[in-house]
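Single-structure report; data block below.
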Amino acid sequence: MADTSVTFTFKKLSAATVISRGRAGKGTPPTSRVVGKMEQGVLTLGGEQFAARTGPWGNGGIEAGLYAVKVKNLVNLPDNEGMRIPTGNTGKGQPKEMGFFIPLEPALVMKSVSKTVRLKGGGSFESIGIDFIERGGLGIHPDGNVLGTQGCIGILPEDAPRFYAAWNKLPITSRPTLLVVSGHPAASGEVGLDGNPSGNRE
């Protein structure tokens, strides 16, 4: 049976910067500012590798946990410019852009939380527990327009067409339906999609 799993391995955590010209005016030198942390890695589908990133915009990169992949809800050429990239086509009637959005929904996503509990009569202790994260609008798509994503897995423009072609080669019943995000990006964690060859679920 062909390998239909997808894995995403974090490779590097870097500071994302925005370059701006400041106030309007000729001769104004460009300035840069750090806006957050962007995780870079490699997305693998059936043995093929594709460069990808997540964050730093919105609530940052994707969190560790389990995500359902909504394979039946794929959107081709979304309205969002951040999910589209130029094709380089110049011929008449040829598409000038390509894009797609494969939705993800958190199935079991948690984070550790801690708080200091103060005791009557003095003293305190640290209470550690877990909290569930609810987050919408996540997915897999080309990283177009402004560099980085709002938590989605954004495939670099040079690799996005290959990924989409590989994805479309898979029968819909064999496409991965579970995204497994493990480890913390700063500590070289992993994100993976598990295949579901026996059938598809939304």
Fully extended, how many nm does the chain gain between V146 and E48 (0.36 nm per residue separation, minus their Cα-Cα distance)?
32.7 nm
A chain fully extended from V75 to I133 at 0.36 nm per residue, minus the present Cα-Cα distance, gains in nm 18.4 nm
Starting from the amide H of I62, placed 1.01 Å from N in the peptide plane, find each other amide H under 5 Å away whose residue is 5 or more places distant or on another chain.
G55
If the chain between A68 and T87 were fully stretched, how many nm would it gain, using 0.36 nm times the residue separation less the Cα-Cα distance?
3.9 nm
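Over segment 33-109, what is the relative contact order in whole percent, taking alpha-carbon pairs under 8 Å and six or more residues apart?
Values: 117 pairs, mean separation 21.5, N = 77.
Answer for segment 33-109 is 28 percent.
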Cα gyration tensor shape of segment 43-86, rounded if a/c is under 1.5, else prolate or oblate by comparing a/b with b/c
rounded
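Throughout, read-outs are computed from the coordinates displayed, never taken from laboratory work. Treat the numbers as computed from the prediction; the structure is a model and nothing was measured.
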